[in-house]
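To keep things clear, I will list the structure first and then write my remarks on it.
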Amino acid sequence: MSAVSSSSWLYGAIQRRRNRGLGGLYLIVAAFLILYAVLFPGILSVGGFSKFTQNWFPLALVTMAQALLMLNGGITLAIGPLVSLGAVIAATTMDGVFGVPGGIVAVALTGLAIGAVIGAIVAHLRLPAIIVTLAGSFIITGVALILLPRPGGFIPGWLSNTLAGHTPVAFLLLVVVLVAWKAFLATPLGLGIYAAGDNPVGAFRSGVPVERAKVVAFALSGLLAALAGLFVAAQTGSGDPVIGTPFTLNSIAAAVLGGVGFLGGKGTMRGAICGSLLLSVMINVMFFLGFPPVAQYIAQGLIIVGAVAVPELLKAWRAKR
Amino acid sequence: MMDQKPLLEARQVFKGFFGNPVLKGVDIALRPGRVHALLGENGAGKSTLINLLSGALQPDSGTIAVDGKPVGRFSPAAARASGIAVVQQELSLTADLSIAENIGLGAFPRRFGLIDYAELHRGVRDVCAMVGLTEPLDMPVADLALGRRQMVEIAKALYRKPRVLILDEPTSSLSAHEAGILAGLIETLRDRGTALLYISHRLNEVQALCSHVTVLKDGGVTADQSLSGIDGEGLVRLMVGRETGDLFPPRASANPGALRVEVEGFSAGLVRDIGFSGRAGEIVGIGGLVGQGQEDLLLGLYGAIPAKAAKAEVSSKPGLPANVGAANAAGLVYVPADRKHEGLVLPHSIASNLILPSLGRLARNGFRDRAGEAGLIAELAKRLTIKGDVARPVQALSGGNQQKVALAKWLPLDPSVLLLNDPTRGVDIETKREIYLMLRGFAAEGRLVIIASSDTPELVHLCDRVVVLREGRVAAELAGEAISEEAIVGAAMGIDRKGAAA
Amino acid sequence: MSAVKSIFRNPPLLTFVLVALVWLIAGLTLRGFGAYGHLRYLLELAAVIGIAAAGQTLVILMGGIDLSVGAIITVTAILLPLISPAWDPTGLVGIALALAIATGIGFLNGAGAAYLRVPPIIMTLAMATFLQGLLVVVAGGSAVTVSNPAVILLGQGRPLGVPSGVLLWIVVSAVVLALIHRMPIGARFLAIGANPLAARLSGVSLTRNTLILYALSGFFAGLAGILVLGMNRQGYVGIGDPYLLTSIAAVVLGGTSILGGRGTYAGTIPGAILLVTTTALITVVNASPGWRSIMFGTLILALLLVSGREARR
């Protein structure tokens, strides 16, 4: 091992190790994508690819937002309301003095701030994340409803065209987000989020600022969810105070599909991203096969329970043999 | 050497949890170039003292001083900045991260805000060479055996280039070879002027490595002196403070009755394919190093974790209990080691805790018999000398009394087999004696008592028979005169000795 | 002084005193508030919340939260008119069938939590989402009118001037109070809520109690759904949605710890009345659904802070 001493050897080796155990998931995702391309060859055109990635993009963001917290040993039920609030704020601020940049900053700051507040409550008062975010979700929903009681608001047409037009801008943005995540994970605090999820006491004793890591995780999660809301608003051309509702469960479903565990520190972000891609393909297929939109709900419920249940049943079955 | 200023001190520190004092005015001073031993029984307050010295806990009163200067709010990060590193008994590793990342965690070298993996690689390679870790550095810690993880933990402490190194039971899961490497390492560090605090149950290690000792007993310091001229017996006397004979009731003449538990090819959790049996009227001890499957053996018999056996007979019924309810019905009961998390419902009253296992038996027509319950609770409280109002929450009781409640709640079931996991951990000496008397009494009444213990004297003086586990298998089975501390520790560590033949 | 102190130490009593104070003040200052008809109306509304919160109380006592209460109410309210057989003049068969379905849904929640180890909040959330989709597919989104005579009697009847919904609530209260305080299973729920591991090692079966618990929660939600249907005479998608939040809020208003292991239905009863009363007062000042949602969220958060602080002590 000492023969290899290039500066990036250790980092690269660790990164390669993280793919371990995900081979099956990669294969399934690839198989689904190929199947999808065979069924709907339109995806292979620039326009088709753009549309496909636009449907995937917000789901990928909220899945990251959820997985970030699950890896840190928490969970959030406030994803959907945050998406809604992000959409509402985008649609109500972009016609203001500061225009689109002002709107983007407002959405980002709101997401960060709300996330940080929830994180501070969870981390410093040692309360269970699941109930705090449940209460938070009601409050955030209320705020969104007050800002914009019914769908409307204003999103400039050029913004919608840029983000959700016939160019793969969304895909490029996703790449940027993923690169930023990789960079964050290469900081002490980023790794601290993982460590605090798996073994909080050990991480604390090692000098990891566990509470700060938690607050940062919640803040980033809020940021991602709110930005997903901004994108959804651009996609639909307006704000809607309840548009984010399905994302709460979708984010959990995608993360669980990607092998992220409910109980802290188990799983990888790359797995979660694959999970979101898989879920996105499934939703698209159902849409194209003519299922009513509400069938999505049925599928979500089944996917979540199934994604948790199948490994659990397999484990029990193996233990019996 | 004594005139050198201490690097790290605790001065008159007090610390309590839920109103139960754990440390009552403790002083300790760690000086450079000295290996300082910290001795004490389970529950004497050693872990709490270490947590105070390393910033993981704050003292209720008293001060922690670094280089003679009292520090205000001490945190693990501040402790690390002052050059204090701890090798914890409970590992502080993250399973999914690599060896290198675990070693660097909390002390990463940075470049432009990012972790400098090249620098990390260099530093980690050096400390791994020191402790003899040859595994690839990118390997996740999850893939390592327990002993190797312990070495990672030690490397992690060394990586911080400590001036003060605290080692809490560092050898509990190490092989003889690894323990040897560690001993050499400690001597090297001592000669370089590091201040070391060494906590171990193994008195021979303490005698070989340490030059000074502090003994804790029931939260106070009973000795703070040089180790020169003190032999093993002297050490034990310092720790126990009385002849061990006083503590334990006289052993009745062994008179085992019918077979109560018999398993062959038994596997559960860490336990792999062992045979085990116990007869009415016996006290059977289960010994071994920490985490060798003792708890899983008890939980498996109790139906609390999945278990299987080639052949099993429990309370003259074939097969293992499928779940806890079935085990209770078969007359098996279990008292866990961690009574706060597993044994008791802490915020509920003493009465609720005492009545919990008997709820169904006392009910009439589906409704609870309040008068009957009150009578039973009063009787139990009297029998175990639990004083005061039984409506108090059980967390208001001292450790010893909590343990009595955890044990007493099972008595109405008239159990034929008692499974006890370290029942005297963190229990004061008087309660310990009461518990020993009670266990002897149970055996005399024809019950089978199976007791897992990390306290070797307890196994030696209380048990009729001792089964020593190592890596989930039976390393030795000792009976009668063959039971001795040397035989148990030897078998636990995998050293073949006379009289310890498996 | 000591009387005041003991009130503050007894959350159910405190909530009762609060209700009495609010009624007294509102009755003296607001025209029409103190009229018998208005108070009866408030109690009728509280009965639905109280019955829905009966199951929720048990679930929260055992350390969970049932997020499918609203969906089960909707399912019952929509399915009951569809499955009530025409040959049954009393309508009781339809009620029995609807309750069986509601209980069955609850049982599935319990099975998911107990056997598949899905965290109960997630399991019930997934169930609610699943049911929401299924209902639209099955019932097609239009409202259904009820003609089941027993249901109408329950929703509209007033024997001796007391709404039958309130009478049903009294019966439910008696049953739930007996279950918690007079039967072994109540003590087991509480023990599991405070420390599931210790309860299990003390011989309390987690699987069995989880199944019973969620089945009960489903049953009571179904009962609330039938009452809502009778009062509205119509079932539609979304009819049960308001009762999810209010059932949780009524429980925590009654002093039950949202973290489990401590509390009683005796607090939920005044909790439900207090909730209905404050909602009525808020409606007077014309609060939007947004403000109501914020109010519930803040309420849960505030009580979480209080009970969390006590739990740490």
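Rule-based calculations on the coordinates, nothing more; no lab input. Because the structure is a prediction, the values reported are computed rather than measured. Ideal geometry is used to build each Cβ from the backbone, glycine not excepted, and the neighbour counts take in all protein chains shown.
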field: Partner chain coverage, peptide B:108-118 - average Cβ within 10 angstrom
entry: 5
message: With +1 on the Cβ of every Lys and Arg and -1 on the Cβ of every Asp and Glu, and nothing else charged, how large is the dipole of chain A about its Cα centre, in debye rounded to the nearest 20?
response: 1120 debye
statement: For the pair B:Ala322 and A:Val176, the simple spin-label estimate (label points 7 Å beyond Cα toward Cβ) gives in nm 6.0 nm
- request: Quick one: which residues, 5+ away or cross-chain, put their amide H under 5 Å from the amide H of C:Leu67? H built at 1.01 Å from N.
  value: C:Thr124, C:Leu125
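How well do other chains shield peptide C:108-118, expressed as the mean number of their Cβ atoms within 10 Å of each residue Cβ? List each step's numbers first, then the result.
Details: counts 1, 0, 0, 1, 4, 0, 0, 4, 9, 8, 8.
Per residue, the average neighbour count from other chains is 3.
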- request: Give the cross-link partners of B:Lys46 among the lysines, using a straight C-alpha distance below 28 Å as the criterion and excluding same-chain residues fewer than 8 apart.
  value: B:Lys5, B:Lys15, B:Lys24, B:Lys69, B:Lys156, B:Lys161, B:Lys217, B:Lys340, B:Lys404, B:Lys432
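What average number of partner chain Cβ atoms lie no more than 10 Å from the Cβ of the residues making up B:299-311? Show your work: numbers first, answer last.
On the way: counts 1, 0, 0, 2, 0, 3, 0, 4, 0, 2, 0, 0, 0.
Across the residues of B:299-311, the mean count of other-chain Cβ atoms within 10 Å is 1.
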- prompt: So, in Å, what gap is there between the alpha-carbon centers of segment A:79-119 and segment B:115-194?
  reply: 48 Å
- prompt: Roughly what % antiparallel, to the nearest 5, for the DSSP beta bridges in chain B?
  reply: 55 percent
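For chain B, what is the calculated [θ] at 222 nm in deg cm²/dmol (nearest 500), taking -39500 (n - 2.57) for each run of four or more DSSP H residues and dividing by its residue count?
Working: 18 runs with 164 residues, N = 502.
Per the formula, -9500 deg cm²/dmol.
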query: Rounded to two decimals, what ratio of Rg to Rh does chain A give with C-alpha atoms and a Kirkwood Rh?
result: 0.98
task: Using just the helices of chain A, give the 222 nm mean residue ellipticity in deg cm²/dmol: DSSP H runs with n ≥ 4 each add -39,500 (n - 2.57), and the total is spread over all residues, rounded to 500.
output: -25000 deg cm²/dmol
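Percent relative contact order of chain B, based on C-alpha pairs within less than 8 angstrom and at least six residues apart? It would help to have the intermediate numbers written out before the result.
Values: 1017 pairs, mean separation 74.5, N = 502.
Relative CO of chain B lands at 15 percent.
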- request: Show me B:340-350, A:225-235 ranked by packing, highest mean number of other Cβ atoms within 10 Å first.
  value: A:225-235, B:340-350
task: Can you figure out the FRET efficiency of A:Phe98 with A:Arg150, using R₀ = 30 Å and their beta-carbon distance, to the nearest 0.05?
output: 0.75
field: Label-point gap, in nm, between B:Thr134 and C:Asn232 - each point 7 angstrom along Cα→Cβ
entry: 7.3 nm
field: Packing rank of B:86-96, B:61-71, C:146-156, B:472-482, where each peptide gets the mean count of other beta carbons within 10 Å, highest leading
entry: B:86-96, C:146-156, B:472-482, B:61-71
message: How big is the dipole moment of chain B about its Cα centre under a simple scheme where the beta carbon of each Lys and Arg is +1, that of each Asp and Glu is -1, and everything else is neutral? Debye, nearest 20, please.
response: 1040 debye
Residue order, fewest to most beta carbons within 10 Å, for B:Arg122, C:Arg292, B:Arg111: B:Arg111, B:Arg122, C:Arg292
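Scan chain A and note any complete DSSP helix (H) whose C-alpha atoms cover at least 27 Å along its axis and whose Kyte-Doolittle average is -0.5 or more. Before the final figure, lay out the partial values.
Details: long enough: A:46-71 (35 Å, 0.97); A:99-124 (37 Å, 1.90); A:210-236 (39 Å, 1.41); A:269-288 (28 Å, 1.70); A:295-320 (36 Å, 0.80).
Span-like helices, by this rule, are A:46-71, A:99-124, A:210-236, A:269-288, A:295-320.
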query: Among the DSSP beta bridges whose two residues both lie in the protein assembly as shown, what percent are antiparallel, rounded to the nearest 5?
result: 60 percent
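For chain A, what does the relative contact order come out to in percent, with C-alpha contacts under 8 Å and a separation of six or more?
Details: 512 pairs, mean separation 101.5, N = 321.
About 32 percent, as a whole number.
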- line: When A:Leu85, A:Leu313 are arranged by how many other beta-carbons sit within 10 Å of their Cβ, fewest first, they go A:Leu313, A:Leu85
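Can you give the translational diffusion coefficient of segment A:179-321 in µm²/s, computed by Stokes-Einstein from the Kirkwood radius over Cα pairs at 4 °C and 1.567 mPa s? Before the final figure, lay out each step's value.
On the way: Rh = 17.4 Å.
The diffusion coefficient I find is 75 µm²/s.
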- prompt: From the residues A:Phe138, A:His166, A:Gly237, which one has its Cα farthest along the dipole of segment A:45-246 in the positive direction, the dipole being from +1 and -1 charges on Cβ of Lys/Arg and Asp/Glu about the Cα centre?
  reply: A:Phe138
Hydrodynamic radius (Kirkwood) for the protein assembly as shown, which is based on Cα pairs only, to one decimal in Å: 32.5 Å
- request: Give the residue from B:Pro256, B:Leu137, B:Gly426 lying farthest towards the positive end of the charge dipole for chain B; charges sit on Cβ (+1 for Lys and Arg, -1 for Asp and Glu) and the dipole is referred to the Cα centre.
  value: B:Gly426
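Taking other Cβ within 10 Å of each residue's Cβ, how do A:Ile283, C:Ile73 sort, fewest first? Walk me through the numbers before you get to the answer.
Numbers: A:Ile283 21, C:Ile73 32.
Lowest count first: A:Ile283, C:Ile73.
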- request: List the DSSP H helices in chain C whose Cα atoms stretch 15 Å or more along the helix axis and whose mean Kyte-Doolittle hydropathy is at least 0.0.
  value: C:11-29, C:36-61, C:69-83, C:92-115, C:120-139, C:164-182, C:184-194, C:206-232, C:241-253, C:265-284, C:289-312
- prompt: Between segment C:215-272 and segment B:458-495, what's the alpha-carbon centroid distance in Å?
  reply: 58 Å
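Go through segment C:1-107 and name the trypsin sites (Lys or Arg not before Pro) that are in a DSSP coil and have 14 or fewer other Cβ atoms within 10 Å of their Cβ.
Details: sites: C:Lys5, C:Arg9, C:Arg31, C:Arg40; in loops: C:Arg31.
Qualifying residues, ordered by number: C:Arg31.
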query: What is the packing order of peptides C:231-242, A:49-60, taking the mean over residues of other C-beta atoms within 10 Å and listing the highest first?
result: A:49-60, C:231-242
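If you put +1 on each Lys and Arg Cβ and -1 on each Asp and Glu Cβ, how big is the dipole of the protein assembly as shown around its Cα centre, in Debye rounded to 20?
On the way: 88 positive and 66 negative charges, 274 e Å.
For the protein assembly as shown, the charge dipole is close to 1320 debye.
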statement: Residue-normalised 222 nm signal for chain C, counting each DSSP H run of n ≥ 4 as -39,500 (n - 2.57), nearest 500 deg cm²/dmol, is -25500 deg cm²/dmol
